[in-house]
Amino acid sequence: MSITKVVVAGGGVLGTQIALMNAYYGFDTTIWLRSEASVGRTQPKVERYSSLMIADLEKAKALVGSPMGAYVYPRGLIRDWKSATAESIDALIAAAKKNFAEKLHLETDMAKALAGADLIIESMSEDPKAKIGVYTAMKDLIPADAILCTNSSTMLPSTFAEYTGCPERYLSLHFANTIWKNNTAEVMGHPGTAKEPYDQVVAYAAQIGMVPLQLHKEQPGYILNSMLVPFLDAAEKLWANEVADVETIDLTWRLATGAPVGPFQILDIVGLETAYNISLMKPEAKDPNSITSKLICMLKEKIDRGETGVNAGKGFYDYSK
Ligand SMILES: NC(=O)c1ccc[n+]([C@@H]2O[C@H](COP(=O)([O-])OP(=O)(O)OC[C@H]3O[C@@H](n4cnc5c(N)ncnc54)[C@H](O)[C@@H]3O)[C@@H](O)[C@H]2O)c1
């Protein structure tokens with residue numbers, strides 16, 4: 001079965017980005033939304049993210065031929081950077097504008113949205129009850145051969161498989177925020193996922209400009225967050241424990257590994273609220289004498305001052321200049 005019609009359930013930050021990537025690559029794309037109010041919230045996101053994608057393509061024209069270009073071009077939008085020219089990028093921009101206008105639809109009627117779908121990507125709030133509710137409502141409307149994926153960052157597909165009505169065609173397809181630049185697609189089945197839909201999703205992910213990263217078994221946090229969360233946690237604890245300052249910790253990492261950024265520069269990109277919420281969920285957070293509790297207070301002070309990261313202009317570093 002080839003994938004031509006894609007439905008994204010949920011029009012939030014990620015759902016909108018996923019839908020736009022599908023439209024960009026010419027897939028017939030529908031975002032299913034639960035209400036007209038949701039349409040009103042999603043439409044501005046479609047406009048915002050499509051403008052950001054076009055703006056990044058515009059910026060990429062100036063990067064053609066520069067040594068830095070290969071590191072910062074929008075990897076999900078330009079398949080072959082080596083042969084890209086200002087003219088070829090102009091052609092991509094023209095095609096993107098046309099596809100965004102013609103290929104992307106918003107639909108509140110679930111039956112209409114799912115009719116003829118080949119692939120459904122659930123990207124709703126990270127709330128198990130909401131996800132179960134929508135899977136249950138979709139169950140009898142999902143076409144017989146369609147594949148169902150979840151973009152959940154923290155929940156395993158085995159948690160939901162029984163509610164989908166198609167456990168053998170259900171798996172995780174996990175994208176990263178700013179999908180058009182950070183083009184990872186972690187593909188993870190649950191024990192009941194069949195091989196064919198898994199392989200189809202791997203092939204499809206590459207068709208929408210992603211680099212498919214295959215997991216051979218279920219893993220909370222997938223590959224990326226299994227590494228990133230403990231790494232950032234270790235850096236944060238060095239800071240909270242007053243072992244070294246933020247700049248020194250970052251410098252150590254950059255010099256010793258050759259990495260372009262250190263953990264606190266990454267935290268500024270992720271956002272301090274996310275770091276704060278992750279720390280709050282730890283069992284040690286209940287012990288007021290733990291280093292985690294101290295870290296939570298230090299993060300909270302910065303958040304209260306509005307220093308939440310790159311998007312706010314200040315986090316661990318100042319981006320206002
Ligand atoms: N934000 C990220 O950086 C990121 C990255 C990768 C994966 N994810 C995952 O993507 C999914 C969505 O995250 P997001 O950041 O886009 O969230 P979001 O809060 O921006 O959007 C959630 C969407 O779900 C909809 N929704 C909530 N409850 C619903 C219900 N009962 N019925 C129908 N629609 C409902 C909301 O209207 C909204 O459109 C989550 O599973 C999250 O773990 C997020």
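For (1) part of a loop (DSSP other than H, G, I, E, B); (2) under 14 Å from CYS166 (Cα atoms), each residue gets a yes or a no:
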| site | (1), (2) |
| --- | --- |
| HIS105 | no, no |
| ALA111 | no, no |
| ILE121 | no, yes |
| GLU126 | yes, no |
| ALA130 | no, no |
| GLY133 | no, no |
| ILE142 | yes, yes |
| ASP145 | yes, yes |
| Which residues, taken from segment 137-150, are in contact with an Asp or Glu (Cβ under 9 Å, 6 or more places away or on another chain) and near the ligand (Cβ under 10 Å from one of its atoms)? | THR150
| task | Quick one: in segment 167-181, of everything that is hydrophobic (A, V, I, L, M, F, W, C) and assigned to a loop (DSSP other than H, G, I, E, B), which residue is farthest from the ligand (Cβ to nearest atom)? | result | TRP180
| remark: Restricting attention to segment 154-166, the residues that are within 14 Å of the ligand (Cβ to nearest atom) and surrounded by 19 or more Cβ atoms within 10 Å (Cβ to Cβ) number exactly 2
| So, of the residues in segment 92-136 that are within 16 Å of the ligand (Cβ to nearest atom) and without any contact (Cβ under 8 Å) to a residue 12 or more places away in the chain, which turns out to be surrounded by the fewest Cβ atoms within 10 Å (Cβ to Cβ)? | LYS129
| said: Going by what's in this entry, would ALA205 be described as over 20 Å from the mean Cα position of the chain (by Cα), small (Gly, Ala, Ser) and either closer than 30 Å to ARG48 by Cα or modelled with pLDDT of 95 or more (or both)? | reply: no
| Do we have ILE296 as within 13 Å of TRP239 (Cβ to Cβ) and either touching a Phe, Trp or Tyr at 6+ places or on another chain (Cβ under 9 Å) or part of a helix (DSSP H, G or I) (or both) here? | yes
| message | Suppose we filter segment 1-19 for residues that are crowded, with 24+ Cβ neighbours inside 10 Å and more than 6 Å from the ligand (Cβ to nearest atom); how many remain? | response | 8
| said: Looking at the structure I just gave you, is ALA203 free of Cβ contacts under 8 Å to residues at least 12 places away in the same chain, assigned by TED's automatic domain parsing to the domain that holds LYS59 and farther than 29 Å from GLY271 by Cβ? | reply: yes
| said: I need every pair where a residue in segment 268-282 that is farther than 25 Å from SER320 by Cβ has its Cβ under 8 Å from the Cβ of a residue that is among the polar types (S, T, N, Q) and crowded, with 17+ Cβ neighbours inside 10 Å, sequence separation at least 6 or different chains. | reply: SER279/THR292; LYS282/THR292
| note | Scanning segment 84-120 for residues that are of a type in the set (Gly, Ala, Ser) and either under 30 Å from VAL72 (Cβ atoms) or under 24 Å from the mean Cα position of the chain (by Cα) (or both) gives ALA84, ALA86, SER88, ALA91, ALA94, ALA95, ALA96, ALA101, ALA113, ALA117
| task | Would you mind finding the one in SER50, SER83 that is among the small types (Gly, Ala, Ser), touching a helix residue (DSSP H, G or I) at 6+ places or on another chain (Cβ under 8 Å), modelled with pLDDT of 95 or more and assigned by TED's automatic domain parsing to the domain that holds PHE100? | result | SER50
| task | Determine which single condition LEU33 fails, assuming it passes every other condition in (1) at positive phi; (2) touching a Leu at 6+ places or on another chain (Cβ under 8 Å). | result | (1)
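The values are calculated or read from the model by the stated rules, or taken from the named source; none is laboratory data. Every value quoted in this text rests on a predicted model; they were computed, and no experiment measured them. Note: ideal-geometry Cβ built from the backbone for every residue, glycine included; neighbour counts use all protein chains shown.
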